[in-house]
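Some notes on the structure that comes next.
The values are calculated or read from the model by the stated rules, or taken from the named source; none is laboratory data. Since this is a predicted model, take the numbers as computed values, not measurements. Virtual Cβ from ideal backbone geometry, glycine too; neighbours counted across all protein chains shown.
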């Protein structure tokens, strides 16, 4: 018995040292959870564009996967990449003619992000058996690192008054940063997205023994104080309580009580403010949504042209002075990506929304769709690293629920 246990322990240690685990862990920590570092680099270097800094890591990761895992390219991957290239070229030419000009650099970044999302889903779906083991172990480690640093930041802040999180003050900040932490991320709300996406990746790849990752996620969510994190925490906890048939009643009650306690203790005050319409963040989202719907009504189905939103949007300067400095935040549109895409890209923006939701649709894991939908309804940009994490997880999940894909080109 002791010999068998020792052998199992050696196997676990060896598996964590294998190249697949190391590549996945380092790459995903940088690709999915280094937004705080990237925004710091953007400020220090003056080189704007999140994807400009992220793309080299992404390219090296994909190349590394082909060298170390002998991946295969599927016909679906090639077909969808060609489709998205053609669509973006046609829409770009159409908008150049229809509206005169648009923000070409930003449009190129949008295209690159959509292409990367689809590529990851198809790459992981077509090579699920090869990629799943390393990715599963890596994302479990990343989950504990991401959530652990958030909790550590909160403890040090409240014990010593020192904020070690990578929070970067910016025009979006609506609350006192001393009361909340962001961990490795740009701001507290992004930290909430990060904890949720890493937990969801763990959920998709290893559904056994999820209690500790879930509790870690709940504690990290409490530390961020992010409303979007609370919504996702309630959704994930409720889903696990309803679907974990083997979980004891006592354990379910513990999770339920923990979720209620988290809501009342950490978010009770903010919930009251939202209901009383005193929460600045919520009011900002509502006001921005009203303006976005007006822009859509005036410009659909052509759209304003990418980057031209602010030229046609009617912001009440007196009202918005209490939310954000519009002169400084010249990139700000609305806080709802769905409305931003439709406002600027017209009918094609609606097609993109459907495509992104359909890309992560899995019959047995609708939580992926729910999180992508929430990202679109609570953040104004697609350039969020967590979309890439969810895209890879969706590829692995879809491989379990559909027929084997036809492989086209061996690498």
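Can you tell me which residues in region 64-93 are at pLDDT 90 or above, more than 22 Å from the chain's Cα centre (by Cα) and surrounded by fewer than 17 Cβ atoms within 10 Å (Cβ to Cβ)? If the condition is that a residue be at pLDDT 90 or above, more than 22 Å from the chain's Cα centre (by Cα) and surrounded by fewer than 17 Cβ atoms within 10 Å (Cβ to Cβ), then 75, 78, 79, 82, 83, 85, 86, 87, 89, 90, 93 are the ones that fit. Sort out which residues of region 150-166 are surrounded by fewer than 18 Cβ atoms within 10 Å (Cβ to Cβ) and closer than 12 Å to residue 188 by Cβ, and write them in order of number. Of everything in region 150-166, just one residue is surrounded by fewer than 18 Cβ atoms within 10 Å (Cβ to Cβ) and closer than 12 Å to residue 188 by Cβ, namely 163. Based on what the data block shows, is residue 234 under 23 Å from residue 283 (Cα atoms), part of a helix (DSSP H, G or I), at pLDDT 85 or above and under 22 Å from the mean Cα position of the chain (by Cα)? Here the answer is no, as residue 234 does not meet what is asked. Among the residues making up region 306-348, a single one is at positive phi and modelled with pLDDT of 90 or more: 346.
Among the conditions (1) over 30 Å from residue 215 (Cβ atoms); (2) modelled with pLDDT of 90 or more; (3) in a helix (DSSP H, G or I), residue 287 misses just one, which is (2). For region 353-365, a residue qualifies if it is surrounded by fewer than 23 Cβ atoms within 10 Å (Cβ to Cβ) and outside any loop (DSSP other than H, G, I, E, B), and the qualifying residues are 353, 354, 355, 357, 358. Here the helices (runs of 4 or more DSSP H) wholly within region 18-79 that include at least 3 residues being closer than 19 Å to residue 114 by Cα and out of contact with any strand residue (DSSP E or B) (no Cβ under 7 Å at 6 or more places or on another chain) are 19-33, 50-69.
Residue pairs whose Cβ atoms lie under 6 Å apart, sitting 6 or more positions apart in sequence or on different chains, and linking a residue in region 379-399 that is more than 14 Å from residue 357 (Cα to Cα) to a partner that is part of a loop (DSSP other than H, G, I, E, B) and modelled with pLDDT under 95, are 380/333; 380/334; 380/335; 397/362; 397/365.
Before we move on, is residue 155 over 20 Å from the mean Cα position of the chain (by Cα), assigned to a helix (DSSP H, G or I) and at pLDDT 85 or above? So residue 155 fits the description; yes.
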